[in-house]
1. I need ASP65, ASP90 ordered by Cβ neighbour count within 10 Å, fewest first.
2. How long is the range 31-91 along each principal axis, judged by its Cα atoms, biggest number first, in Å?
3. How much length would be gained if the chain were fully extended between LYS144 and TYR88, taking 0.36 nm per residue of separation minus their Cα-Cα distance, in nm to one decimal?
4. Work out the FRET efficiency for THR151 and LYS81 from their Cβ-Cβ distance, taking R0 = 22 Å, and round it to the nearest 0.05.
5. Could you give the C-alpha radius of gyration of the chain expressed as a fraction of 2.2 N^0.38 Å, taking N as the number of residues it contains?
6. For the chain, what does -39500 (n - 2.57) per DSSP helix run (n ≥ 4), summed and divided by total residues, give at 222 nm, in deg cm²/dmol to the nearest 500?
7. Mind checking the dipole of the range 12-156: about its Cα centre, +1 per Lys or Arg Cβ, -1 per Asp or Glu Cβ, Debye to the nearest 20?
8. Place the peptides 124-137, 73-86 in order of packing, highest mean first, counting for every residue the other Cβ atoms within 10 Å and averaging per peptide.
Amino acid sequence: MNPINTSDNLPTIFLLPGELYIAEKPSIIKTILGSCVSICLYSISSGAGAMCHCLLPYAPLKNLDQPYKYLDRAFTHMVLKMNEIKIYNDTITSKIFGGANMFQDFSPVKLSIGSQNIAAARNLLYKYHIPIEGEIVGGNSGIKIFFHTGTGEVYLK
């Protein structure tokens, strides 16, 4: 994917694990992913978008000290907030990134955290009827992503 044009002086936000950001106006959101996963949501017609950086697929029933580190909680929050600003699911498109198997030589578990995160992301998007326009998931190494919320473009490094 080609580099994003940053000459527009758009606000730039860096997400740490367990964070999300909802942009009502075009912005650049960036993060670094390994086994974590990011779902990028955007609406071309409004220029708004959202992105999360999640560590685990599903939240436990208790002890939610960091609710956005769980994909189900972060994704639900992003969709609800976008709906609140009049951006509805039928106008939202998505992309998924991350979910690498960073510890393949050390993990006795057949389905890595990365794979579980990817499956959860796909299931949530399907449940909310939000199409997946693209994804770069899996593999054995991390990636850095730059997401332009106004256009849906993503630059990978």
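1. Lowest count first: ASP65, ASP90.
2. Ordered largest first, the range 31-91 gives principal extents of 36, 25, 16 Å.
3. Separation in residues times 0.36 nm, less the Cα-Cα distance, equals 17.3 nm.
4. After rounding, the FRET efficiency stands at 0.65.
5. Here the Cα radius of gyration is 0.98 times the empirical estimate.
6. Result for the chain: -6000 deg cm²/dmol, rounded to the nearest 500.
7. Values: 12 positive and 10 negative charges, 31 e Å.
Once rounded to the nearest 20, the dipole reads 140 debye.
8. 73-86, 124-137
Where a number appears in this text, it was derived from the coordinates with a stated rule and is not lab data. Being a predicted model, the structure only gives us computed values, none of them experimental. Reconstructed Cβ throughout: ideal geometry from the backbone, glycine too, with neighbour counts over all protein chains shown.
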